[in-house]
Every structure is written in C-alpha cells, then in structure tokens.
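The values are calculated or read from the model by the stated rules, or taken from the named source; none is laboratory data. These figures come from a predicted structure and were not determined experimentally. Cβ atoms come from the backbone with ideal geometry, glycine included; neighbour counts cover every protein chain shown.
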Amino acid sequence: MNADRSAPAGANNLDAYWMPFTANRVFKDNPRFLATAKDMHYATADGRPVLDAIAGLWCVNAGHCREPIVAAIRRQAGELDYATSFQVAHPIAFEMAARLAALAPGDLNRVFFSNSGSEAVDTALKIALAYHRVRGEGSRTRLIGRERAYHGVGFGGISVGGIVNNRKMYGTLLAGVDHLPATHSLEHNAFTRGQPAWGAHLADELEKLVALHDAATIAAVIVEPVAGSAGVLVPPQGYLERLRAICDRHGILLIFDEVITGFGRLGASFAAERFGVIPDLMTTAKGITSGTVPMGATFVRQGLYDAFMQAAPEGGIELFHGYTYSGHPLACAAGLATLDLYRDEGLFERAAALEPYWQEAVHSLKGRPHVIDIRNIGLMAGIEMAGRPGQPGARGSEVFLRCFDDGVLLRFTGDTIALSPPLIIEKPQIDRIVETLSRAIQATA
Ligand code: PXG
C-alpha cells in the first residue's frame, strides 16, 4: 500500500463523512488523501507530488494557492467577515458584479450571486420563469434541457439534466420538462479536433418540441455550450447559432450553463464569446474564484432585469430569491483577486495559445488500446475508451487509479477520461499528462 493511502492527522476516523459522488466503501477501505497544493501540483499526505490535470474539479483555473488570491482572502476575513445582502449591503459585492459585467459579452450585465453552480442554475431557471410571468406570459412554464447534460444537483438542475443516475432516485422531479437529444455521435464525429462538422441539424429538434408543446408554453432552453461532466462533448459547428435562432423565433430564453466553460477554459472569457452566440442568461461558478471560495453567479441580459424593475410595485421586492451567502465578502475578495490574476497574467490568452499544442498532444493517444474517441476544445479533452464487456466504467476507474499512483490526477466518467488542467500549465506538463495516460491505458486490459 502506498504511504499516501494512510490517513493523515485529523482523519483517523473515516466513518462520519458521507462523501459526495464517491464509492464510500471502496474509498474508506483504501483512501487517497491530498494534503497540500501549489500551482500545478497537489502533494499527498506523505509529500508525493501529484500533477493536477483537472484543475481540482474543473475550477482551479489560475493554479493552486496563488499568493494574490490567498492574500486577498486573508485580508477580507480580517476586515469584514460577513454582511448580508438583504436590504443592506457591502461594497465589495457591487465591485465584483461590475467587474463581471464588464467581462461578459453583449449586455449580460446584471449579476445575481449564489454559492455554487447548482444554485446558479436554479437561479437562472427561476428568473426565466418569473420573467415571462412579470411580462404577462405566465403560460411559459416549460423548461427544455438536453440528454447527457449536467446542471448540478438541485431539483431544477437534475430535472433539466440528462444523466440517468443523477435523476432516477429522486421521484418525479420538476413537472413540464423536456429534453433535446445529445449532440455527440461516435459514428459521425469520432476523433474530431475541435468542433465537429456534423450535427448542427440536431438543434432543429427544438422546432419539433415547439410543434409538440407550443412555443407559448416554453420558458427556456438550457445547454452547456460544451458538455463537461458527460465527457467533453463539443458542439457541432453551427449548432449553438441555430439554437439561438430558433429561441429568438419563438420568444424562448436561451440559457448557457458556463460553470465549466467560463473563465478561460476555452481560451476566452466565456464560451459565449468564443462561439459568438450570446445567451439571455449565463450560469457560472468554479473558475469565478479559481475554486478558492464557493461562489456562483447568474448573468442576465439587461432587458430581463429591466422587466422586473418595471413590473414590480413601487418600493416592493422585485425577485423573491436569494441566499444567506449571496455575494459573500470572502468570495467577492477571492473573485476580484482571481479576475486580476487572469488579466495580469493573460491566462485566457495563454489557454488560447496552448490549444494547438494541447490538441496534438491528446490526439497522439489515438491508436492506444480500447480508445474509441478523442475530443478537445480550449484546454479541455475527453478520451473515450470502449467499456469492458459487462463492466461499464471499469477501464475508466482503472486508468484513473494507475495515473494517480503515477502522480497525475485526472477525472473519469464511465470509461471516458476528462482533462482540464489549470491555465498556467506548461508544455512539459502537458507531455507528462499524456505520457502517463498513455502508459496507464496501455497497461489496462
Ligand atoms: N453546471 C455545470 C455545467 C457543471 O459542470 C454544475 C452546474 C454544478 O456546480 P456545483 O458547484 O453545484 O457542483 C456543474 C458542476 C465531473 C463533475 O465529474 C462536474 C461538476 C461537479 C462535480 C463533478 O465532471 N460540475
């Protein structure tokens, strides 16, 4: 057994912690601990370095324990630990919202704060429903998601989400939800570099849902511009543009869930900017503070915000929604320092500049045993392996464990390996990830 598998001080008893999205019994029999982190690396409890190929969990875009962010959090904790944003407020939340508004494309310049991607999604869905209602179109109650989508774990998010294991245990979910088909096709698009040429027509399925339900019953469509959790599914060329056009034709709001794609992952501030398609609402979290303090933000086009301001009775609350920790001072301080770091180090541009190297590196894994597809865009990649007969997910899990033992942390979903390193990654570290992965796949029967 590796030394890093022994519990560090403070973790002598593993019973109480019910771990999220984890095989608890397997983990507790054979635990793996990350103890510290700096820049591109974690260190295990016994000091073994582990190269972070997944930016924590798609979030640590600026790299770990960056000094300016750490200092800003320390400073804020000593100055104003907490203040509510209900009816009173603190200045730093306004500063953070203004910075975000300036970064966002188009007129996505109103920002509602929460504490996670799941809450940002719930917030977006609620604002979409309420928007139609305040404008006198209260019949628009239907929400449209997509197969294979991940929008967090709130009831709203799992209802529009498209991953069966996240849905099936939880009863009837939200009523009145329908789904578009997933966009990825192994048959047509395997081993495409960047956006596939085939598949824009899948957006037309929205026209079929409009014909089925009537546009006057549909409030919003929510999609991840690039699906992350399902294993990096890149949108076909023209697909998002077509979704936008159909939504416009029918008065349906378009929501981009940019919890993963926001803050430089695709070499631009947001996927909306990279693809030149502006949604009506945009959900973000993760990279907004480079993973350091929990924060979610839902961006809203100004016209939507204005509709609420005009409709609500004089002096009344315009939206009955919010969280105790909306705009938490520590999150705002971390967020501002993070945005400064992204700007000062040109990290979004850096991601864009590294994309061709990244692309060729991950596609060099073509031809390894069982590899049936490789997908990439920005600094994201999915490497899909065929499942072992009768044991779906077993190869993914084995490759993950081999890489971890070999000093590289990656993510697996089923038999697909997902990569999304911090944007500060250097080319030799890209090589190291790909070599380690190559060895692990080769060794996995
Ligand atoms: N939307 C998207 C697109 C996400 O990727 C969420 C919403 C929810 O965010 P919170 O902060 O509530 O977790 C996410 C989260 C994985 C994985 O293995 C991905 C996420 C979370 C956990 C695991 O790919 N993304």
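Residues checked against (1) within 16 Å of the ligand (Cβ to nearest atom); (2) on the phi < 0 side of the Ramachandran plot; (3) modelled with pLDDT of 95 or more:
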| site | (1), (2), (3) |
| --- | --- |
| A9 | no, yes, no |
| P20 | yes, yes, yes |
| F27 | yes, yes, no |
| L51 | no, yes, yes |
| F94 | no, yes, yes |
(request) Those residues that are part of a loop (DSSP other than H, G, I, E, B) and either among the β-branched types (V, I, T) or closer than 25 Å to G287 by Cβ (or both), I need them from the stretch 356-411; list them, please. (result) G378, L379, G407, L410
(request) Under 8 Å between Cβ atoms, at least 6 apart or on separate chains: pull out the pairs that start in the stretch 108-119 with a residue that is outside the structural domain of F299 (by TED's automatic domain parsing) and end on any residue that is away from the ligand (no atom under 13 Å from the Cβ) and of a type in the set (V, I, T). (result) none
(message) Quick check on A203: is it closer than 30 Å to G335 by Cβ, at pLDDT 95 or above and not hydroxyl-bearing (S, T, Y)?
(response) no
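Is at least one residue of the stretch 109-124 more than 16 Å from the ligand (Cβ to nearest atom), part of a loop (DSSP other than H, G, I, E, B) and exposed (fewer than 15 other Cβ atoms within 10 Å of the Cβ)?
no
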(request) Go through the stretch 127-172 and count every residue that is more than 20 Å from L243 (Cα to Cα), touching a Gly at 6+ places or on another chain (Cβ under 9 Å) and more than 15 Å from the ligand (Cβ to nearest atom). (result) 1
(message) Tell me the residue from G262, G303 that is assigned by TED's automatic domain parsing to the domain that holds A334, out of contact with any helix residue (DSSP H, G or I) (no Cβ under 7 Å at 6 or more places or on another chain) and at pLDDT 95 or above, please.
(response) G303
(request) Check V210 against each of (1) within 16 Å of the ligand (Cβ to nearest atom); (2) buried (at least 19 other Cβ atoms within 10 Å of the Cβ) and name the one condition it does not meet. (result) (1)
(message) Return the residues of the stretch 59-104 that are in contact with a Gly (Cβ under 6 Å, 6 or more places away or on another chain) and more than 13 Å from T338 (Cβ to Cβ); say none if nothing qualifies.
(response) S85, A93
(message) So R411 passes all but one of these: (1) more than 18 Å from the chain's Cα centre (by Cα); (2) of a type in the set (K, R); (3) under 20 Å from T22 (Cβ atoms). Which condition number does it fail?
(response) (1)
